[in-house]
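Have a look at the structure below, then the notes.
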């Protein structure tokens, strides 16, 4: 019975996990411009950034990286030798305390709701 219940839970949860994020690409990418003009904190360990070519990206950072940060006053990206920001890059965030985070995911995105009130992205 426990195995059946666990299987049923897994089957029901699978479609929820597969749901795409509205306004966010399903494909991983790199930020080729390497210069970040604007950044906004999302929920959990998520940041939205705009590059010098005015493209928006959703960054997923390592688990717990932004825990305890109500805001981010500064963000420093460490790009690769070609000037790109990719999943091997790190970001240093500060709110008076400096912390280094790994980037687990980079996906193209529309502007977050802090920038565009009609954004399909929700921060609930």
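No value in this document is a laboratory result; all are computed from the given coordinates. Since this is a predicted model, take the numbers as computed values, not measurements. No Cβ is skipped: glycine too gets one built from the backbone with ideal geometry, and neighbour counts run over all protein chains shown.
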How far apart, in nm, are two points set 7 Å out from the Cα along the Cα-to-Cβ line at residue 27 and at residue 108? 0.7 nm
Based on the mean of other Cβ atoms within 10 Å per residue, sort peptides 80-91, 31-42 so the most packed one is first. 31-42, 80-91
Taking a ≥ b ≥ c as the square roots of the Cα gyration tensor eigenvalues, with a/c under 1.5 meaning rounded and otherwise prolate when a/b beats b/c, else oblate, which class fits the range 20-109? oblate
Considering the zone a paramagnetic label at residue 43 would reach in this model (a point 7 Å from Cα along the Cα-to-Cβ line), which residues of the range 82-124 have amide N under 13 Å from it? 113, 121-124
